[in-house]
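Down below is the structure, laid out as structure tokens.
None of the figures in this text is laboratory data; all of them are computed from the coordinates on show. What you are looking at is a predicted structure, and each value in this text was computed from that prediction instead of being measured. Using ideal geometry, Cβ is built from the backbone for each residue, glycine included, and neighbour counts are taken over all protein chains shown.
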Amino acid sequence: MIRFTIRTLLKNKTLWAWPGIFILFVAAITVWGGVSIDPSTSSYAISLGGVPLPTGIVINQLVSITILIAIIGIPTHFSESLKPERASLLLSKPISRSDMFLKDFAGVFSFCFAYTLLTVLLLTLLTTVHGILFPLHHAIAIIVFLPLILLTYYITIVLFLILTNSYLGGVLLGYFLTGFSSVFLNFDQFLKMFGLTDTWFEILLHLLAYLIPSAGAFQQIMSQIFNSGFSGVDISLLGFAFASCVPLALLSYYLYQKKQF
Amino acid sequence: MILKAQNVSKTYGKSGGDSFTLQIDEFAIEEGSFTAILGPNGSGKSTFLKIILDLLFADSGNISLMGNPHKEKKARAKVSYLPENYSFPEHFTVKEMLHAFGDLKESTPGEIDHKISELANSFNVNFLNKKIKNLSKGMRQTAALMHTFLADDKFYILDEPFNGLDAVQKKAIMDYIFSLQKKQNISILITTHILSDIDKTCDRLYLIDDGRIINSATKKDIQEQFGTVENYYINHFETKDSAIS
């Protein structure tokens, strides 16, 4: 089943848009821009057409585009497999629903990992062409955490795909809800901003923080590594990030077991 | 016994409006037999097949498939199913699709390649490298049948397998099924609207209407009493219609 998922994802043209865009970006930097050592961050600085692009922003934008393309492209296969016409073909094979569900996640994670690896390779290529070593901790942070960020979005999207039976509904609701999870990381500020002091509301936000897969937490950990290396990682935040993925994943698993085709 | 179903019941639309109840009291398929379920549209044929394969859940009843409870995955280890409506990944070529689905049956790439060549010869297929999205209806159906016969299974459940096939293609596939039956003693459960397709082939027929089996007969019974399957079918459903009117 893992191979089936990966084969289907590899055939998805939407997902090939990302390497395409990135190769164009690398080509543009090579022709009209440059990469140089940034003395202030002991990292590197990218410029395009004479305009310096702050590294942090460039990396964040690249990660955001990867996330956007991946969450549009990756759920299509699961959305298809929820249609009775496809489910009849898959679930009539000697595969249990548990295998199907868990191996799909394993397949998606493997694909996201390979996808991220490609992104890092292209980034490394971009800097190496200009004689600069791509910082190792940046590379590791992206390789480890970008697939996890994609997986948090995927968990929520899968739930909404099962609930709505609609690709568009699943992706949009999953994207916004997971994106919204960042709010819970700083909900003290959020409450202050709106002047909300109600204790029950605070409890509700606490609860929601653990119910919605926290892409924001993984993103924050990735930024911590970018800024201060691995010693800067907040372990409790890491634990929270993983814990927040469990409830919706279990709910999706339960609903999938009960789904009829 | 390949398949045994007892007191299987499923009701749709319980909360008012149109409701439909499937109630199969007794249904069995013996090893090596060719069984057909016939009935009008919406009579519950496909629903029953989906319940057998655990795609739909029965409200009650017992089903044993290949000697195992039908919900267990090992029950489906030697079972192959062709649904009436199916959707293969459109961007795959026929060959890629067959490899992807063959892999789910844990066949090795070598075994799959060997079987693809055998099926392509038997079904006169020359479009293995065409993408699914570019296939005609008949080609799609042939590809779907290739997918069904890809692994060496013991029990084949075919829901309207000859939809969209021309006479030559249909004959090639029937010949292949017969040769499999002779060589490997496979069992077949088929639903079809084209009664002439199964006239000489079926060992047993079940007539289903409004979710219930209303009659069953062996090939011998049908030949002796009605001559053809078509006469047998028409006799039962015309009698029912005239009784209603």
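Per-residue packing, averaged as other Cβ atoms within 10 Å, sorts the ranges A:169-179, B:190-200 into the order A:169-179, B:190-200, beginning with the highest. For chain A, the number of Lys pairs separated by eight or more positions or lying on different chains, with C-alpha atoms closer than 23 Å, is 14. Among beta bridges from DSSP that stay inside the protein assembly as shown, the antiparallel ones total about 65%.
Out of all DSSP beta bridges in the range B:148-245, what portion is antiparallel? Express it as a percent rounded to 5. Restricted to the range B:148-245, the bridges split so that about 55 percent are antiparallel. Once whole DSSP H runs in chain A are found, which of them have Cα atoms spread over 30 Å or more along the helix axis and a mean Kyte-Doolittle score of at least -1.0? Correct list, ordered by number: A:97-129, A:136-164, A:235-258.
The mean number of partner chain beta-carbon atoms within 10 angstrom of a residue's beta-carbon across peptide B:129-135 is 0. Stokes-Einstein diffusion of chain B at 4 °C, 1.567 mPa s viscosity, Kirkwood radius from Cα pairs, rounded to a whole number: 68 µm²/s. By the Stokes-Einstein formula, at 0.692 mPa s and 37 °C, the range B:1-47 with its Kirkwood radius over alpha-carbon pairs has D equal to 264 µm²/s.
Every helix of 4 or more DSSP H residues in chain B counts as -39500 (n - 2.57), and over all residues that averages to -11000 deg cm²/dmol at 222 nm.
Taking the inverse of the mean reciprocal distance over all distinct Cα pairs, the Kirkwood hydrodynamic radius of chain A comes to 19.9 Å. By the Stokes-Einstein formula, at 1.306 mPa s and 10 °C, the range B:85-152 with its Kirkwood radius over alpha-carbon pairs has D equal to 136 µm²/s. Rounding to the nearest 10 and keeping the result within 0 to 90°, find how far the Cα-based axis of helix B:229-244 lies from the longest principal axis of chain B. Tilt relative to chain B: about 40 degrees. With r as the distance between the Cβ atoms of A:Ser182 and A:Leu53 and R0 = 35 Å, compute the FRET efficiency 1/(1 + (r/R0)^6) and round to 0.05. Working from the Cβ atoms, E equals 0.90. Work through the residues other than B:Leu158 whose Cβ is under 13 Å from its Cβ and net out their charges, Lys, Arg +1 and Asp, Glu -1. It works out to a net charge of -3.
In chain B, the longest principal axis of the Cα atoms and the axis of helix B:94-104 are about 70 degrees apart. The Cα-based radius of gyration and maximum Cα-Cα distance (Dmax) for the protein assembly as shown are 28.5, 97 Å.
Debye-formula intensities of the range B:4-101, expressed as log10 I(q)/I(0) at q = 0.10, 0.16, 0.19 Å⁻¹, are -0.35, -0.82, -1.04 (one equal scatterer per alpha-carbon, no solvent). Helix B:137-148 axis versus longest C-alpha principal axis of chain B: approximately 90°, rounded to the nearest ten.
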